[in-house]
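Q: Got a structure for you, written out below as structure tokens; questions coming shortly.
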Amino acid sequence: MKRRSFVKASLLTSAASALIPQISMASETFKESGQEFYELRVYTLKNDRQEKLVEDYFKNAAIPALNRLGNKNIGVFTELKPSGQTKLYVLIPFSSWDDFLTVQDKLTNDKVYLEAAETYLNAPATEPAYERIESSLLKAFAHAPKLQVPEPKFRIFELRRYEHASESAGKKKLEMFNNAGEIDIFKRLGFNPVFFGETLIGELRPNLIYMVTFADMEAHDSHWKAFGSDPEWKKISAIPDYADAKLVSRISSTFLVQSVCSQI
């Protein structure tokens, strides 16, 4: 038994050692390309008290601390038309993989942050600050390597997720966005995209997630109508390898509006 445990531990150590150089090389590649990483959090809340507590946490503690660390443009959103109590959506950009890996340790050593976040961090089990957090780690698309902050005025944000039947289908859809020109169509038609990200860790993988913006729902409808009839889109989508039936198994949309503390 001891020998088996030793062999198992040795194999795990060897595997980890083999992966470290690959992770380091990947991190350097993303630094050179300028591609960001994003953490997308979804807070499930049960009442207005929790909503205010979490929003106050980001306003007074998390966003100032993250800004001090160099993480700019933190997005905080609520649902446009929630079914019951709203969920809170938080988008945190990271300039590198290392920034994502080290952020929690840095926050733990930030006394100003800890003092400002005390009510949130130490909420008792009988009155928790939230019900659950779902968190996904995304990698920015090569053709949209950095988050774009729209003009500071009221708007609707559409968060869209494309689920794929397989990893290879997901990679093909990425190719369609990056190389075939789909992102360029979004920009040309005035969708004002905020970010495009491939989900590395999170639920319902494989999938990609992106965010576009509109003045209102009427503008949303007219923009998507224009997209569907755009000659360049028709040309791209007519390519057999890019057919939605092959690449996308499900599309879901969530409509959001800015929280008062949002930097997006």
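Q: Take Ser166 and Glu134, extend 7 Å from each Cα along the Cα→Cβ direction, and tell me the distance between the two endpoints in nm.
A: Modelled inter-label distance: 2.6 nm.
Q: Moving to a separate point now. If the chain between Ile239 and Ile251 were fully stretched, how many nm would it gain, using 0.36 nm times the residue separation less the Cα-Cα distance?
A: Computed gain between Ile239 and Ile251 is 2.3 nm.
Q: Right, another one. Using the Kirkwood formula over every pair of different C-alpha atoms, what hydrodynamic radius in Å results for the stretch 185-226?
A: After inverting the pairwise mean of 1/r, the radius is 11.6 Å.
Q: Please report the projected area of the stretch 62-122's Cα convex hull averaged over all directions, in nm².
A: Spelled out: convex hull of the Cα atoms, projected over all directions, averaged, 5.3 nm².
Q: Could you run the Karplus curve 6.51 cos²θ - 1.76 cosθ + 1.60 with θ = phi - 60° over the stretch 211-221 and give me ³J(HN,Hα) per residue in whole Hz, x for Gly and Pro?
A: My calculation for the stretch 211-221 gives 10, 10, 9, 8, 5, 6, 5, 5, 5, 4, 5 Hz in order.
Q: Per residue of the stretch 98-115, what does 6.51 cos²θ - 1.76 cosθ + 1.60 with θ = phi - 60° give for ³J(HN,Hα)? Whole Hz please, x for Gly and Pro, Karplus curve as stated.
A: Rounded to whole hertz, the list is 4, 4, 5, 5, 9, 5, 5, 5, 5, 5, 4, 9, 9, 5, 5, 4, 4, 5.
Q: Still on this model: Where does the stretch 223-264 land on the Kirkwood hydrodynamic radius, alpha-carbon pairs, in angstrom?
A: The Cα-based Kirkwood calculation yields 13.3 Å.
Q: Here is a further query. Just to check, using Stokes-Einstein with a Kirkwood Rh over alpha carbon pairs, what's the diffusion coefficient of the stretch 113-264 at 10 °C and 1.306 mPa s in µm²/s?
A: Here the translational diffusion coefficient equals 92 µm²/s.
Q: Ratio of Rg to Rh for the stretch 131-202, alpha carbon only, Kirkwood?
A: Reported Rg/Rh (Cα atoms, Kirkwood Rh): 0.99.
Q: If you roll a 1.4 Å probe over the heavy atoms of the protein chains, what accessible area per residue do you get for the chain, in Å²?
A: Counting only protein heavy atoms, the per-residue value for the chain is 54 Å².
Q: Using a Gaussian network for the chain with springs between C-alpha atoms less than 10 Å apart, which of these wobbles most: Ala129, Ala117, Ala243?
A: Ala243
Q: Given a 1.4 Å probe and every protein chain left where it sits, what share in percent of the accessible area of the chain is carbon and sulfur?
A: The computed percentage sits at 55.
Q: Ok, one more. Would you calculate, for the chain, the mean residue ellipticity at 222 nm contributed by helices, counting each DSSP H stretch of 4 or more residues as -39,500 (n - 2.57) and dividing by all residues, to the nearest 500?
A: About -12500 deg cm²/dmol.
Q: Given that compact globular proteins tend to follow 2.2 N^0.38 Å, what is the ratio of the alpha-carbon Rg of the chain to that value?
A: Working it through for the chain, the quotient is 1.12.
Q: Moving on to the next point. Starting at the first residue of the stretch 169-181, write each ³J(HN,Hα) from the Karplus equation 6.51 cos²θ - 1.76 cosθ + 1.60 with θ = phi - 60°, in whole Hz, x for Gly and Pro.
A: Taking θ as phi minus 60°, the curve returns 5, x, 5, 5, 5, 4, 4, 5, 5, 7, 9, 8, x Hz for the stretch 169-181.
Q: Taking the Cα centre of each part, how many Å lie between the stretch 101-119 and the stretch 45-77?
A: 13 Å
Q: Once you treat every alpha carbon in the stretch 91-139 as an equal point and sum by Debye, what is log10 I(q)/I(0) at q = 0.19, 0.27, 0.29 Å⁻¹?
A: Reported log10 I(q)/I(0), two decimals: -0.85, -1.08, -1.09.
The values are calculated or read from the model by the stated rules, or taken from the named source; none is laboratory data. Given the structure is predicted, the values throughout are model-derived calculations rather than measurements. Neighbour counts are summed over all protein chains in view; Cβ atoms, including those assigned to glycine, are modelled from backbone coordinates with ideal geometry. All accessible areas refer to the heavy atoms of the entire protein, side chains included, with ligands and DNA or RNA removed. Shrake-Rupley method; radii C 1.70, N 1.55, O 1.52, S 1.80 Å.
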